Every structure is written in structure tokens, then in C-alpha cells.
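The values are calculated or read from the model by the stated rules, or taken from the named source; none is laboratory data. Please read all numbers here as calculations on a predicted model, not as lab measurements. Cβ atoms come from the backbone with ideal geometry, glycine included; neighbour counts cover every protein chain shown.
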DNA sequence: CCCGATTCCTGTAGGC
DNA sequence: TGCCTACAGGAATCGG
């Protein structure tokens, strides 16, 4: 379940081997991803030099002089660097082969990922244009959360997971940040004080930064560009701990379904 | 506009 | 062992 830390870990893993390299060939084996892979994407990229790899929300942007390719990992997507000419495995949907011989290979069993053309101004792409701020930027803070939540009756957890409010926070880190801030996931967003929103914004930033340091969270599918799993799973405090005692107060951690998502929280610490 | 439900998809786990 | 079902959830879209 790649959220921001997993995508950032992937970026850091693959960028050093791709930046400055020329794309020799792009091979798409399966065009039916979350959005159809556009016809002609191979031709647009071939011969271009990868200038930089940027992350925006959960998208990776491969910048070239002709424009940027957009890659989203969806739920089960992963990018790996393949050095030899290893034959593609099941669900290896596309390759970006460099002149150096390195191949960037995308695998995604459930095909919720995407491979798109963002053009010269990718921030104007329809999928990127209306995204909220980056959680690790200065724009994202308690004042901002307080302001955008006024008058809204939605529970705080689905609000945090709404990419139009803030990007990169998925199911795992929303539960973790709310635990760290002591806020009940079902609390109406519009009824949370500015002081508590400040705590929440800091908790979101802390948990994401800590996870990036650990190389992300590997539950099952996620591996970084170097093929190594992330180790933040060991540092999860409530996610996946249904029935276990809270590490802070020993009351049980419970799971509830909120907006069709499993939500983990301490019945005592979170109000 | 707001917000909950639905939808896409396949590997895995649990029940029998 | 094998078959069936439920579940996992990012995020666009639909409908009330």
C-alpha cells in the first residue's frame, strides 16, 4: 500500500541510477492500468534524457526535455531496477530501459497504478491540478487544517485521507497520526480545536518523516527500488494491532470500519 | 458543495 | 487438498 513514504523511498532508490541517463526503449506489455497507458507514450519517451525524478503526492514524475511521465503505484505497484536481461514476471506491466543497460520495471498485480504523460507542465495535468498541499511543506500546518475543516461534518480520518485536503496520507498513516495526536478517528473534523489540529499536523509530519527514515512500511507488496523492504512496520503503534494493548495505556486497540476502510485506534487514548 | 457508496483489480487467508 | 468468499485499499466517480 504505497503511501507517501513508500513512494519517496522508491524515488530515492531509483533516482541515482536514472537521472542523467538516456531512455533507450520503453516496453508496455499491459496498457489496462487504472487509466489506459496512452498510445504513443513509448515514442515520446524514447531517446529522452531523464533530467530528474520528482515526487508529487503519490506520483513520481520523470522529467525529460520533452515533458514528464507520471507513474502512480496504486495499491500494489512497485518499481524495481533490473540490471540483467531478466525475463519479465507476471504483472510486470512496463519497462523503461536506459542506455546504461539498467531497466526500470513496473509490477502491479491489481493494476490500480498508472503510467501517463504529464506534458511540459505536469502540475496542470487534471490528476495533479487540484491536489492539496504536500504534508511535509510549510503550507501544511494546524492553521491550514483548522481552516479547511470548519463547517465540515465528515470524520477527521477520511478528511485526512482526502488528497484535495492533503496528499500522501493513506489508511496506515492516517490511523497512526490520529493515535499520536490522541484524536478519535470518527470525531467530526469541524469540531476539532485549532490547538488539537496543530498537534495533528505535527503528528502527520512526524509519522511520515519517521517512516521515510525507515524506508517505508512493507506489509506485503512494497519493496524499494533496490528490492529491500521498508522497516516502519515495526514502528506502527495501532495499525494492524486489533486486540493488542495500547502501548501508552494498555487499553485495547480496536478496529472499526470508517468510510469502507479499516481504522485502528485506542479506545482510551483517542477522544 | 458535501459526503457516503461504488467501482476498478487480484493475491491471500480463512472457513468448511 | 480444494473450493468459495471476504478482504485488502488509492482515488475517481456517481448519486442523493
Residue that is farthest from the chain's Cα centre (by Cα), among those in the stretch A:245-266 that are under 14 Å from residue A:156 (Cα atoms) and away from DNA strand B (no atom under 16 Å from the Cβ) | A:265
Only residues that are within 16 Å of DNA strand B (Cβ to nearest atom), over 16 Å from residue A:60 (Cβ atoms) and touching a strand residue (DSSP E or B) at 6+ places or on another chain (Cβ under 6 Å): list them for the stretch A:93-127, please.
-> none
Confirm whether residue A:76 is away from DNA strand B (no atom under 16 Å from the Cβ) and either touching a strand residue (DSSP E or B) at 6+ places or on another chain (Cβ under 9 Å) or closer than 19 Å to residue A:95 by Cβ (or both).
-> no
Scan the stretch A:226-266 for residues that are in contact (Cβ under 8 Å) with a residue 40 or more places away in the chain and outside any loop (DSSP other than H, G, I, E, B) and report the count.
-> 9
Subset of the stretch A:59-73, residues within 16 Å of DNA strand B (Cβ to nearest atom) and surrounded by 23 or more Cβ atoms within 10 Å (Cβ to Cβ), comes to A:73
Of the residues that sit in the stretch A:42-63 and are away from DNA strand C (no atom under 16 Å from the Cβ) and in contact with a helix residue (DSSP H, G or I) (Cβ under 7 Å, 6 or more places away or on another chain), which one is farthest from residue A:124 (Cα to Cα)?
-> A:50
Sort through A:17, A:31 and tell me the only one that's modelled with pLDDT of 90 or more and within 16 Å of DNA strand B (Cβ to nearest atom).
-> A:31
Touching a residue at least 12 places away in the same chain (Cβ under 8 Å) and within 16 Å of DNA strand C (Cβ to nearest atom): does that describe residue A:192?
-> no
Test set (1) over 19 Å from residue A:246 (Cβ atoms); (2) within 16 Å of DNA strand B (Cβ to nearest atom); (3) in contact with a helix residue (DSSP H, G or I) (Cβ under 7 Å, 6 or more places away or on another chain) - residue A:178 fails condition number | (1)
Restrict the check to the stretch A:113-121 and report whether at least one residue is under 24 Å from residue A:228 (Cβ atoms) and touching a residue at least 40 places away in the same chain (Cβ under 8 Å).
-> yes
Which numbered condition residue A:130 misses (of (1) modelled with pLDDT of 90 or more; (2) within 16 Å of DNA strand B (Cβ to nearest atom); (3) surrounded by fewer than 20 Cβ atoms within 10 Å (Cβ to Cβ)) = (1)
Residue count, the stretch A:75-84 (criterion: within 16 Å of DNA strand C (Cβ to nearest atom) and surrounded by 18 or more Cβ atoms within 10 Å (Cβ to Cβ)) = 4
